[in-house]
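Asker: Structure provided below as C-alpha coordinates; questions to follow.
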Amino acid sequence: MKKRSPNLERRKVVAEILKDRGGALIVPGLGSTTWDTAAAGDHPLTFYSWGGMGGAAMTGLGLALAQPKRRVLVITGDGEMLMGLGSLATIAVQETRNLTVIVIDNEHYGETGMQQTHTHHGVDLPGMARAAGFCAARTIYTSAQLRTWIPRFYRQPGPLFASIKVTTQYAPMILPMRDGAAIKHRFREALLGSKAFE
Amino acid sequence: MPVVMKQKSAWPDRIHAVLRDADVRQVAYVPDAGHARLIDLCRADRAIRAIPLTTEEEGIALSAGAWLGGERAAVLMQSSGVGNCINMLGMMRECRFPVLMLVTMRGQWGEFNPWQVPMGKATPVALASIGVVVQEVDDAARIEETVAAAANLAFNGSVAVAVLIGQRVIGAKNWKK
(Lines give C-alpha, C1' and ligand atoms only; values in the text may rest on other atoms or scores of the structure.)
Protein backbone atom coordinates (compact mmCIF):
# COMPACT_ATOMS: atom_id res chain seq x y z
CA MET A 1 0.00 0.00 0.00
CA LYS A 2 1.36 3.39 -0.98
CA LYS A 3 1.56 5.67 2.04
CA ARG A 4 0.20 9.17 1.95
CA SER A 5 2.46 11.74 3.66
CA PRO A 6 0.78 13.86 6.29
CA ASN A 7 0.95 17.63 5.81
CA LEU A 8 -1.33 19.03 8.52
CA GLU A 9 0.34 20.64 11.55
CA ARG A 10 -0.85 19.40 14.93
CA ARG A 11 -0.99 22.79 16.69
CA LYS A 12 -3.07 24.34 13.92
CA VAL A 13 -5.37 21.31 13.82
CA VAL A 14 -6.05 21.32 17.57
CA ALA A 15 -6.46 25.11 17.66
CA GLU A 16 -8.96 24.85 14.80
CA ILE A 17 -10.93 22.10 16.57
CA LEU A 18 -11.05 24.03 19.86
CA LYS A 19 -11.70 27.47 18.37
CA ASP A 20 -15.46 27.18 18.93
CA ARG A 21 -15.54 24.60 21.69
CA GLY A 22 -18.62 26.09 23.40
CA GLY A 23 -19.57 24.05 26.43
CA ALA A 24 -17.72 20.93 25.32
CA LEU A 25 -15.59 18.97 27.76
CA ILE A 26 -12.09 18.16 26.52
CA VAL A 27 -9.99 15.17 27.56
CA PRO A 28 -6.51 15.24 26.02
CA GLY A 29 -4.15 12.30 26.31
CA LEU A 30 -0.83 12.59 28.07
CA GLY A 31 2.10 14.26 26.30
CA SER A 32 1.77 16.07 22.99
CA THR A 33 -2.01 16.40 22.92
CA THR A 34 -1.96 17.92 26.39
CA TRP A 35 0.60 20.48 25.16
CA ASP A 36 -1.54 21.03 22.02
CA THR A 37 -4.71 21.74 24.00
CA ALA A 38 -2.78 24.02 26.37
CA ALA A 39 -1.33 25.89 23.37
CA ALA A 40 -4.86 26.41 22.03
CA GLY A 41 -5.72 28.31 25.23
CA ASP A 42 -5.96 27.29 28.86
CA HIS A 43 -9.48 26.25 29.86
CA PRO A 44 -10.89 24.84 33.10
CA LEU A 45 -12.97 22.29 31.16
CA THR A 46 -9.86 20.65 29.75
CA PHE A 47 -8.68 17.76 31.90
CA TYR A 48 -4.95 17.91 31.17
CA SER A 49 -3.26 14.59 31.57
CA TRP A 50 0.32 13.90 32.61
CA GLY A 51 -0.02 10.15 33.06
CA GLY A 52 -2.37 7.18 32.88
CA MET A 53 -1.36 6.27 29.33
CA GLY A 54 -4.08 4.33 27.52
CA GLY A 55 -6.90 5.79 29.60
CA ALA A 56 -7.95 8.96 27.77
CA ALA A 57 -10.82 7.42 25.77
CA MET A 58 -12.18 5.68 28.87
CA THR A 59 -11.98 8.84 30.94
CA GLY A 60 -13.96 10.44 28.12
CA LEU A 61 -16.54 7.64 28.31
CA GLY A 62 -17.07 8.00 32.07
CA LEU A 63 -17.44 11.74 31.62
CA ALA A 64 -19.81 11.43 28.65
CA LEU A 65 -22.05 9.01 30.56
CA ALA A 66 -22.11 11.33 33.57
CA GLN A 67 -22.85 14.41 31.42
CA PRO A 68 -25.17 13.25 28.63
CA LYS A 69 -26.12 16.83 27.70
CA ARG A 70 -22.53 17.91 27.10
CA ARG A 71 -20.32 16.96 24.19
CA VAL A 72 -17.09 15.25 25.21
CA LEU A 73 -14.05 15.35 22.91
CA VAL A 74 -11.14 13.05 23.65
CA ILE A 75 -8.10 14.42 21.80
CA THR A 76 -5.22 12.01 22.10
CA GLY A 77 -2.16 10.67 20.32
CA ASP A 78 -1.74 7.52 18.23
CA GLY A 79 0.55 5.87 20.80
CA GLU A 80 -1.86 6.60 23.63
CA MET A 81 -4.82 5.25 21.63
CA LEU A 82 -2.92 2.12 20.65
CA MET A 83 -2.40 1.36 24.34
CA GLY A 84 -6.16 1.43 24.95
CA LEU A 85 -7.56 -0.26 21.84
CA GLY A 86 -9.98 -2.35 23.86
CA SER A 87 -11.69 0.83 24.97
CA LEU A 88 -12.96 1.27 21.39
CA ALA A 89 -15.00 -1.89 21.91
CA THR A 90 -16.13 -0.79 25.37
CA ILE A 91 -17.23 2.65 24.10
CA ALA A 92 -19.07 1.20 21.10
CA VAL A 93 -21.08 -1.13 23.35
CA GLN A 94 -22.25 1.88 25.41
CA GLU A 95 -23.48 3.67 22.24
CA THR A 96 -22.47 6.99 23.76
CA ARG A 97 -24.02 9.63 21.51
CA ASN A 98 -22.14 12.59 23.00
CA LEU A 99 -18.60 11.21 22.70
CA THR A 100 -16.03 11.90 19.99
CA VAL A 101 -12.57 10.35 20.02
CA ILE A 102 -9.99 12.24 17.94
CA VAL A 103 -6.48 10.92 17.41
CA ILE A 104 -3.82 13.43 16.42
CA ASP A 105 -1.84 10.86 14.48
CA ASN A 106 1.80 11.70 13.73
CA GLU A 107 2.62 7.97 13.53
CA HIS A 108 5.35 8.39 16.15
CA TYR A 109 5.93 8.38 19.91
CA GLY A 110 6.71 12.07 20.21
CA GLU A 111 7.77 12.18 23.86
CA THR A 112 10.24 9.33 23.82
CA GLY A 113 12.47 9.89 20.81
CA MET A 114 10.14 9.75 17.82
CA GLN A 115 9.99 6.00 17.44
CA GLN A 116 7.45 4.87 14.84
CA THR A 117 4.07 3.67 16.09
CA HIS A 118 1.98 0.94 14.55
CA THR A 119 -0.04 3.45 12.54
CA HIS A 120 3.15 4.27 10.60
CA HIS A 121 3.09 0.65 9.45
CA GLY A 122 -0.49 0.78 8.27
CA VAL A 123 -2.54 -0.01 11.35
CA ASP A 124 -5.87 1.64 10.62
CA LEU A 125 -7.35 3.11 13.81
CA PRO A 126 -10.59 4.38 12.20
CA GLY A 127 -11.02 0.93 10.65
CA MET A 128 -10.77 -0.58 14.12
CA ALA A 129 -13.25 1.94 15.54
CA ARG A 130 -15.68 1.22 12.71
CA ALA A 131 -15.36 -2.51 13.21
CA ALA A 132 -16.00 -2.03 16.92
CA GLY A 133 -19.26 -0.25 16.15
CA PHE A 134 -18.57 3.50 16.18
CA CYS A 135 -21.25 5.38 14.23
CA ALA A 136 -18.67 7.00 11.98
CA ALA A 137 -14.90 6.84 11.77
CA ARG A 138 -12.62 8.56 9.34
CA THR A 139 -8.99 9.38 8.51
CA ILE A 140 -8.49 13.08 7.84
CA TYR A 141 -5.60 14.26 5.64
CA THR A 142 -6.51 17.75 4.46
CA SER A 143 -7.70 21.03 5.92
CA ALA A 144 -10.80 20.83 3.70
CA GLN A 145 -11.72 17.47 5.26
CA LEU A 146 -10.99 18.87 8.70
CA ARG A 147 -13.31 21.84 8.13
CA THR A 148 -16.09 19.45 7.11
CA TRP A 149 -15.58 17.26 10.14
CA ILE A 150 -15.13 19.80 12.94
CA PRO A 151 -18.88 20.62 13.20
CA ARG A 152 -19.60 16.88 13.20
CA PHE A 153 -17.23 16.39 16.15
CA TYR A 154 -19.57 18.59 18.19
CA ARG A 155 -22.98 17.71 16.79
CA GLN A 156 -23.24 14.37 14.99
CA PRO A 157 -24.58 11.58 17.20
CA GLY A 158 -21.67 9.39 18.29
CA PRO A 159 -19.63 7.64 19.20
CA LEU A 160 -17.50 9.25 16.49
CA PHE A 161 -13.87 8.58 15.72
CA ALA A 162 -11.35 10.48 13.63
CA SER A 163 -7.68 10.03 13.03
CA ILE A 164 -6.11 13.26 11.83
CA LYS A 165 -2.79 12.67 10.09
CA VAL A 166 -0.22 15.31 11.11
CA THR A 167 3.48 15.89 10.44
CA THR A 168 6.25 15.17 12.94
CA GLN A 169 7.34 18.79 12.83
CA TYR A 170 8.59 19.94 16.25
CA ALA A 171 6.12 21.97 18.28
CA PRO A 172 7.40 23.68 21.44
CA MET A 173 6.18 22.18 24.71
CA ILE A 174 3.44 24.35 26.18
CA LEU A 175 3.06 23.11 29.71
CA PRO A 176 -0.27 23.57 31.48
CA MET A 177 -0.81 23.19 35.21
CA ARG A 178 0.64 19.96 36.53
CA ASP A 179 -0.90 19.17 39.91
CA GLY A 180 -3.45 16.42 39.26
CA ALA A 181 -5.73 17.24 42.16
CA ALA A 182 -5.77 20.93 41.18
CA ILE A 183 -6.64 20.10 37.55
CA LYS A 184 -9.45 17.85 38.79
CA HIS A 185 -10.85 20.41 41.24
CA ARG A 186 -10.73 23.20 38.70
CA PHE A 187 -12.56 21.07 36.12
CA ARG A 188 -15.25 19.95 38.57
CA GLU A 189 -15.83 23.43 39.92
CA ALA A 190 -16.23 24.85 36.40
CA LEU A 191 -18.64 22.06 35.46
CA LEU A 192 -20.56 21.39 38.67
CA GLY A 193 -20.30 24.66 40.58
CA SER A 194 -20.57 24.41 44.36
CA LYS A 195 -21.67 20.77 44.05
CA ALA A 196 -18.06 19.98 43.22
CA PHE A 197 -17.16 20.31 46.88
CA GLU A 198 -20.13 18.65 48.53
CA MET B 1 -26.74 -25.23 57.63
CA PRO B 2 -29.57 -23.37 55.91
CA VAL B 3 -28.91 -20.01 57.59
CA VAL B 4 -25.33 -19.90 56.35
CA MET B 5 -26.42 -20.94 52.88
CA LYS B 6 -28.94 -18.11 52.78
CA GLN B 7 -26.27 -15.59 53.78
CA LYS B 8 -23.94 -16.92 51.14
CA SER B 9 -26.44 -16.52 48.36
CA ALA B 10 -27.55 -13.07 49.50
CA TRP B 11 -24.32 -11.10 49.77
CA PRO B 12 -24.28 -9.93 46.14
CA ASP B 13 -27.81 -8.59 46.62
CA ARG B 14 -26.64 -6.67 49.66
CA ILE B 15 -23.68 -5.20 47.76
CA HIS B 16 -26.10 -4.08 45.08
CA ALA B 17 -28.24 -2.35 47.71
CA VAL B 18 -25.14 -0.65 49.14
CA LEU B 19 -24.13 0.61 45.69
CA ARG B 20 -27.62 2.03 45.20
CA ASP B 21 -27.58 3.69 48.62
CA ALA B 22 -24.19 5.20 47.81
CA ASP B 23 -25.62 6.60 44.55
CA VAL B 24 -23.15 4.69 42.38
CA ARG B 25 -24.36 5.20 38.79
CA GLN B 26 -21.65 3.51 36.73
CA VAL B 27 -20.65 -0.08 37.49
CA ALA B 28 -17.84 -1.34 35.26
CA TYR B 29 -16.73 -4.93 35.27
CA VAL B 30 -14.62 -7.68 33.87
CA PRO B 31 -16.69 -10.75 34.74
CA ASP B 32 -15.83 -13.16 37.48
CA ALA B 33 -17.92 -16.13 38.60
CA GLY B 34 -17.95 -14.63 42.09
CA HIS B 35 -19.48 -11.42 40.73
CA ALA B 36 -22.00 -13.09 38.39
CA ARG B 37 -25.06 -12.37 40.55
CA LEU B 38 -24.01 -8.77 41.27
CA ILE B 39 -23.37 -8.13 37.57
CA ASP B 40 -26.87 -9.42 36.74
CA LEU B 41 -28.41 -7.19 39.41
CA CYS B 42 -26.56 -4.12 38.11
CA ARG B 43 -27.48 -4.87 34.50
CA ALA B 44 -31.14 -5.16 35.47
CA ASP B 45 -31.10 -1.90 37.46
CA ARG B 46 -32.21 1.14 35.46
CA ALA B 47 -30.50 3.51 37.90
CA ILE B 48 -27.14 1.93 37.18
CA ARG B 49 -25.21 1.93 33.91
CA ALA B 50 -23.47 -1.46 33.64
CA ILE B 51 -20.27 -1.24 31.61
CA PRO B 52 -18.49 -4.40 30.46
CA LEU B 53 -14.75 -3.79 30.00
CA THR B 54 -12.14 -5.52 27.89
CA THR B 55 -9.51 -5.04 30.61
CA GLU B 56 -9.70 -3.81 34.18
CA GLU B 57 -7.69 -0.58 33.89
CA GLU B 58 -10.40 0.75 31.57
CA GLY B 59 -12.65 0.80 34.62
CA ILE B 60 -10.16 2.86 36.61
CA ALA B 61 -9.90 5.50 33.86
CA LEU B 62 -13.70 5.42 33.53
CA SER B 63 -14.01 6.15 37.27
CA ALA B 64 -11.93 9.30 36.77
CA GLY B 65 -14.23 10.51 34.00
CA ALA B 66 -17.36 9.69 35.98
CA TRP B 67 -16.11 11.70 38.95
CA LEU B 68 -15.12 14.63 36.73
CA GLY B 69 -18.71 14.62 35.49
CA GLY B 70 -20.24 14.42 38.96
CA GLU B 71 -21.09 10.71 39.07
CA ARG B 72 -19.82 7.83 41.18
CA ALA B 73 -18.43 4.62 39.69
CA ALA B 74 -17.41 1.22 40.99
CA VAL B 75 -15.27 -1.43 39.30
CA LEU B 76 -15.80 -5.17 39.72
CA MET B 77 -13.00 -7.59 38.93
CA GLN B 78 -11.22 -10.78 39.85
CA SER B 79 -7.87 -10.62 41.67
CA SER B 80 -6.01 -11.50 38.47
CA GLY B 81 -7.19 -8.17 37.03
CA VAL B 82 -5.70 -6.05 39.79
CA GLY B 83 -2.24 -6.18 38.25
CA ASN B 84 -3.62 -4.61 35.07
CA CYS B 85 -4.72 -1.53 37.01
CA ILE B 86 -1.55 -0.41 38.73
CA ASN B 87 -0.35 2.42 36.48
CA MET B 88 -3.86 3.83 36.08
CA LEU B 89 -4.23 3.79 39.87
CA GLY B 90 -1.13 6.00 39.99
CA MET B 91 -3.09 8.64 38.09
CA MET B 92 -6.00 8.28 40.52
CA ARG B 93 -3.71 8.84 43.47
CA GLU B 94 -2.00 11.89 41.98
CA CYS B 95 -5.40 13.45 41.21
CA ARG B 96 -7.00 12.19 44.44
CA PHE B 97 -9.88 10.61 42.55
CA PRO B 98 -12.17 8.27 44.50
CA VAL B 99 -11.92 4.64 43.39
CA LEU B 100 -14.11 1.78 44.58
CA MET B 101 -12.84 -1.63 43.51
CA LEU B 102 -14.70 -4.80 44.49
CA VAL B 103 -12.32 -7.68 43.94
CA THR B 104 -13.25 -11.34 44.16
CA MET B 105 -10.21 -13.36 45.17
CA ARG B 106 -8.68 -16.34 43.43
CA GLY B 107 -5.53 -18.19 44.36
CA GLN B 108 -6.42 -18.38 48.03
CA TRP B 109 -8.81 -20.75 49.78
CA GLY B 110 -8.83 -24.18 48.16
CA GLU B 111 -7.52 -22.92 44.81
CA PHE B 112 -7.19 -25.68 42.25
CA ASN B 113 -5.46 -23.67 39.51
CA PRO B 114 -1.82 -22.91 40.40
CA TRP B 115 -1.66 -20.15 37.76
CA GLN B 116 -4.07 -18.10 39.91
CA VAL B 117 -1.86 -18.26 42.99
CA PRO B 118 0.89 -15.71 42.18
CA MET B 119 -1.46 -12.79 41.39
CA GLY B 120 -3.78 -13.81 44.21
CA LYS B 121 -0.91 -13.58 46.67
CA ALA B 122 0.33 -10.32 45.14
CA THR B 123 -3.07 -8.62 45.07
CA PRO B 124 -3.13 -6.90 48.50
CA VAL B 125 0.57 -6.02 48.30
CA ALA B 126 0.31 -4.60 44.78
CA LEU B 127 -2.72 -2.49 45.71
CA ALA B 128 -1.07 -1.18 48.87
CA SER B 129 2.10 -0.36 46.92
CA ILE B 130 0.22 2.13 44.70
CA GLY B 131 -1.61 3.68 47.65
CA VAL B 132 -4.95 1.85 47.56
CA VAL B 133 -6.62 1.23 50.93
CA VAL B 134 -7.21 -2.53 51.12
CA GLN B 135 -10.11 -3.98 53.09
CA GLU B 136 -10.21 -7.77 53.15
CA VAL B 137 -13.38 -9.62 54.06
CA ASP B 138 -13.61 -13.35 54.59
CA ASP B 139 -17.04 -13.58 56.19
CA ALA B 140 -20.22 -13.20 54.10
CA ALA B 141 -21.98 -11.55 57.03
CA ARG B 142 -19.45 -8.69 57.01
CA ILE B 143 -19.41 -7.93 53.28
CA GLU B 144 -22.28 -5.44 53.35
CA GLU B 145 -20.78 -3.26 56.09
CA THR B 146 -17.33 -3.50 54.54
CA VAL B 147 -18.51 -2.34 51.11
CA ALA B 148 -20.58 0.45 52.70
CA ALA B 149 -17.57 1.61 54.70
CA ALA B 150 -15.33 1.40 51.63
CA ALA B 151 -17.78 3.47 49.54
CA ASN B 152 -17.94 6.07 52.27
CA LEU B 153 -14.16 6.26 52.51
CA ALA B 154 -13.70 6.37 48.73
CA PHE B 155 -16.30 8.98 47.84
CA ASN B 156 -16.13 11.18 50.93
CA GLY B 157 -12.43 10.77 51.55
CA SER B 158 -11.37 10.97 47.88
CA VAL B 159 -9.16 7.90 48.06
CA ALA B 160 -8.86 4.60 46.26
CA VAL B 161 -10.31 1.67 48.19
CA ALA B 162 -10.39 -2.01 47.27
CA VAL B 163 -12.57 -4.56 49.02
CA LEU B 164 -11.07 -8.03 48.61
CA ILE B 165 -13.81 -10.64 48.90
CA GLY B 166 -12.10 -13.81 50.06
CA GLN B 167 -12.29 -17.04 48.13
CA ARG B 168 -13.57 -18.63 51.31
CA VAL B 169 -16.77 -16.62 50.87
CA ILE B 170 -17.14 -17.34 47.16
CA GLY B 171 -16.19 -20.99 47.47
CA ALA B 172 -13.38 -22.77 45.69
CA LYS B 173 -14.17 -23.43 42.02
CA ASN B 174 -15.48 -26.93 41.49
CA TRP B 175 -13.69 -28.33 38.44
CA LYS B 176 -15.65 -31.56 38.41
CA LYS B 177 -18.97 -29.86 37.76
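The values are calculated or read from the model by the stated rules, or taken from the named source; none is laboratory data. Just so it is clear, the structure is predicted and the values come from calculations on it, not from any experiment. Please note: Cβ atoms are built from the backbone with ideal geometry, for glycine as well, and neighbour counts cover all protein chains shown. Ligands, DNA and RNA are excluded from the accessible area calculation, which covers all protein heavy atoms including side chains. Shrake-Rupley method; radii C 1.70, N 1.55, O 1.52, S 1.80 Å.
Asker: Most mobile of A:LEU73, A:LEU45, A:LEU125 per a Gaussian network model of chain A (Cα springs, under 10 Å)?
Answerer: A:LEU45
Asker: What do you get for Rg/Rh over chain A if you use C-alpha atoms and the Kirkwood form of Rh?
Answerer: Taking Rg over the Kirkwood Rh, I get 0.94.
Asker: Within 9 Å, Cβ to Cβ, of A:THR119, how many net charges do the neighbouring residues add up to if Lys/Arg are +1 and Asp/Glu are -1?
Answerer: Around A:THR119, the charge tally is -3.
Asker: Counting only residues 5 or more places away or on other chains, whose amide H sits under 5 Å from the amide H of A:LEU8 once H atoms are built in the peptide plane?
Answerer: A:THR167
Asker: Which one of B:ILE48, B:ILE165, B:ILE39 has the biggest mean-square fluctuation once chain B is modelled by GNM with Cα springs under 10 Å?
Answerer: Highest fluctuation of the listed residues: B:ILE48.
Asker: Inverting the mean 1/r over all pairs of different Cα atoms, compute the Kirkwood radius of segment A:1-54 and quote it in Å.
Answerer: Final number for the Kirkwood radius of segment A:1-54 is 12.3 Å.
Asker: Can you check what the net charge comes to around B:VAL30, using other residues whose Cβ is under 9 Å from the Cβ of B:VAL30 (Lys, Arg +1; Asp, Glu -1)? Can you show the working numbers first?
Answerer: Numbers: positive: none; negative: B:ASP32, B:GLU56, B:GLU58.
Neighbourhood net charge equals -3.
Asker: While we're here: Considering only B:LEU76, B:LEU164, B:LEU153, give the residue with the highest GNM mean-square fluctuation for chain B, with springs between Cα atoms whenever their separation is below 10 Å.
Answerer: Result for chain B, Cα springs under 10 Å: B:LEU153 fluctuates most.
Asker: When only C-alpha pairs under 8 Å and at least 6 residues apart count, what is the relative contact order of chain B, in percent?
Answerer: Working: 336 pairs, mean separation 41.2, N = 177.
For chain B, the relative contact order is 23 percent.
Asker: From zero up to wherever the largest Cα-Cα distance of segment A:41-109 sits, split into 5 Å bins and tell me the percent of pairs in each.
Answerer: Cα pair-distance distribution for segment A:41-109, in percent: 3, 17, 28, 27, 17, 7, 2.
Asker: Just need the Rg to Rh number for segment B:1-110, please, alpha carbons only, Kirkwood Rh.
Answerer: On the Cα set of segment B:1-110, Rg over Rh gives 0.99.
Asker: Which of A:LYS69/A:LYS184; A:LYS19/A:LYS195; A:LYS19/A:LYS165; A:LYS12/A:LYS69; A:LYS19/A:LYS184; A:LYS19/A:LYS69 have a Cα-Cα distance over 30 Å?
Answerer: Check vs 30 Å cut-off fails for no pair.
Asker: Using the C-alpha atoms of segment A:111-198, what convex hull volume per residue, in cubic angstrom, is computed?
Answerer: Taking the convex hull of the Cα positions in segment A:111-198, it is 179 Å³ per residue.
Asker: Using only the alpha-carbon atoms of segment B:71-122, report the extent along each of the three principal axes, biggest first, to the nearest angstrom.
Answerer: 38, 20, 12
Asker: How much accessible surface area, in Å² rounded to 10, belongs to the heavy atoms of A:LYS3 with a 1.4 Å probe?
Answerer: Roll a 1.4 Å probe over it and A:LYS3 shows about 90 Å².
Asker: Using only Cα atoms, find the angle between the long axis of helix A:56-66 and the longest principal axis of chain A, and express it within 0 to 90 degrees, rounded to the nearest 10.
Answerer: That helix lies at roughly 40 degrees to the long axis.
Asker: Starting from the residue with the highest accessible area, list B:GLU145, B:GLU56, B:GLU71, A:GLU95 in decreasing order, probe 1.4 Å.
Answerer: Sorted by accessible area, descending: A:GLU95, B:GLU145, B:GLU71, B:GLU56.
Asker: Then there is this: Expressed as a fraction of 2.2 N^0.38 Å, the rule-of-thumb size for a compact globular protein of N residues, what is the C-alpha radius of gyration of segment B:22-177?
Answerer: 0.97
Asker: Where does the charge balance sit around B:GLU145 when Lys and Arg score +1, Asp and Glu -1, over other residues with C-beta under 14 Å from its C-beta?
Answerer: On the way: positive: B:ARG14, B:ARG142; negative: B:ASP21, B:GLU136, B:ASP138, B:ASP139, B:GLU144.
Spelling it out: positives minus negatives among the neighbours equals -3.
Asker: Next question, about the same structure. Report the far tail of the P(r) of the protein assembly as shown, meaning the percent of Cα-Cα pairs longer than 40 Å.
Answerer: I get 17 percent for the Cα pairs in the protein assembly as shown exceeding 40 Å.
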